[in-house]
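The values are calculated or read from the model by the stated rules, or taken from the named source; none is laboratory data. Everything numeric here is computed off the predicted structure, so don't read it as measured data. Virtual Cβ from ideal backbone geometry, glycine too; neighbours counted across all protein chains shown. Just so you know, the surface numbers come from the protein's heavy atoms only, side chains and all, with ligands and any DNA or RNA stripped out. Shrake-Rupley method; radii C 1.70, N 1.55, O 1.52, S 1.80 Å.
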Amino acid sequence: MWLLPIAAFIEGLITIVVMSSIGFIPPLVVFLVILVAIGALAIVRPRPGVFIAGGIVLLLFVGLNFPFAVDGLIHPTGTSHAWTDIISVVVGCAGSIAGFAAFIETRRRKPVVRPTLGPIGGLLLTLTIGALIGTTYVSVLGFRALDGTAGLGVANDVVTAPTQVPVELDASGSAFGQKSLQLHTGAGTIYVVNTDAGPHTFDIDLNGHHLTYPVRAHSTTAVVLDLSTAGSYTYWCSIPGHRASMEGTLVVSAS
């Protein structure tokens with residue numbers, strides 16, 4: 001029974017950590033209030049309805065975080081909160097199962113899950129803890145290294161200084177302010193101005209290469225591109241969950 005409120009409180013804490021990075025998001029606030037309420041009710045009024053509701057809410061929370069967790073496993077240094085997404089899925093699954101089990105237990109008045117742990121369970125527990133620790137280490141330390149050196153890994157093939165007027169791209173509220181930018185062929189510069197409390201990236205496929213420019217919180221990053229071919233190119237933020245509101249088109253016209 002105690003696993004459900006613990007999981008709910010952990011998920012609430014993770015929600016606060018994520019919002020401190022990406023900003024205030026009303027749906028997450030609603031989930032936060034519901035999680036805290038369910039955790040409190042499971043302690044003070046452990047009723048079957050509370051446990052079944054908690055299991056369903058945690059399952060929904062897992063569904064919301066699952067795509068971000070998968071992306072975090074594929075690109076563990078792409079965002080400072082990839083590890084929280086993965087932990088959220090693991091904790092949410094455990095809490096949801098505990099909620100459904102507690103629901104049955106409170107109705108039948110007998111234990112459903114025995115407190116014994118066999119060798120297979122011990123192995124799975126060890127692997128789970130190891131995966132969480134490893135993911136946390138890679139995501140947090142890897143992202144800090146990337147965040148501390150804003151141009152790390154960006155080979156843009158530009159060997160001449162841009163002569164055309166640069167354009168500005170504003171990142172605010174986890175959204176790009178400009179959905180379309182225009183430059184001419186040749187070396188060009190885009191100033192990405194990030195006013196958010198969390199980091200972003202500027203990603204673009206150009207000349208057969210995928211370029212990623214990290215954009216630190218409260219900073220401006222100069223993105224210098226080799227625009228040798230006229231055409232339309234999509235740019236976006238590669239942090240999980242951001243692309244939906246942080247995508248646009250760079251239109252390159254012949255000089």
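General remarks:
- Residues in the stretch 89-102 that are open to solvent by 10 Å² or more (accessible area, probe 1.4 Å) and within 15 Å of Glu11 (Cα to Cα): Val89, Val90, Val91, Cys93, Ala94, Ile97, Ala98.
- Per-region count, the stretch 176-185, residues part of a strand (DSSP E or B) and open to solvent by 30 Å² or more (accessible area, probe 1.4 Å): 3
- Taking the criterion of being open to solvent by 20 Å² or more (accessible area, probe 1.4 Å), of a type in the set (A, V, I, L, M, F, W, C) and in contact with a helix residue (DSSP H, G or I) (Cβ under 8 Å, 6 or more places away or on another chain), the residues of the stretch 39-55 that qualify are Ala40, Leu41, Ile43, Val50, Ile52, Ala53.
- Selection of the stretch 186-221 for residues being open to solvent by 60 Å² or more (accessible area, probe 1.4 Å), modelled with pLDDT of 90 or more and under 16 Å from Ser238 (Cβ atoms) yields only Asp205.
- The residues of the stretch 192-203 that are over 15 Å from Pro240 (Cα atoms) and out of contact with any His (no Cβ under 8 Å at 6 or more places or on another chain) amount to a single one, Val193.
- Being within 23 Å of Thr163 (Cα to Cα) and either open to solvent by 50 Å² or more (accessible area, probe 1.4 Å) or in contact with a helix residue (DSSP H, G or I) (Cβ under 9 Å, 6 or more places away or on another chain) (or both) is a property that does not hold for Asp226.
- For the stretch 220-253, the tally of residues that are closer than 30 Å to Leu28 by Cα and part of a strand (DSSP E or B) stands at 8.
- Complete set of residues in the stretch 239-255 that are in contact with a His (Cβ under 9 Å, 6 or more places away or on another chain) and open to solvent by 40 Å² or more (accessible area, probe 1.4 Å): Ser253, Ala254, Ser255
- Scanning the stretch 28-38 for residues that are over 27 Å from Asn194 (Cα atoms), open to solvent by less than 80 Å² (accessible area, probe 1.4 Å) and either among the small types (Gly, Ala, Ser) or free of Cβ contacts under 8 Å to residues at least 24 places away in the same chain (or both) yields a total of 2.
- Residue in the stretch 103-112 that is surrounded by 15 or more Cβ atoms within 10 Å (Cβ to Cβ), at pLDDT 80 or above and either part of a helix (DSSP H, G or I) or polar (S, T, N, Q) (or both) present: yes
- Residue tally, condition closer than 22 Å to Gly173 by Cα and open to solvent by less than 40 Å² (accessible area, probe 1.4 Å), over the stretch 6-27: 8
- Annotation: Asp170 fulfils all but one of (1) modelled with pLDDT under 95; (2) under 22 Å from the mean Cα position of the chain (by Cα); (3) open to solvent by 10 Å² or more (accessible area, probe 1.4 Å); the unmet one is (1).
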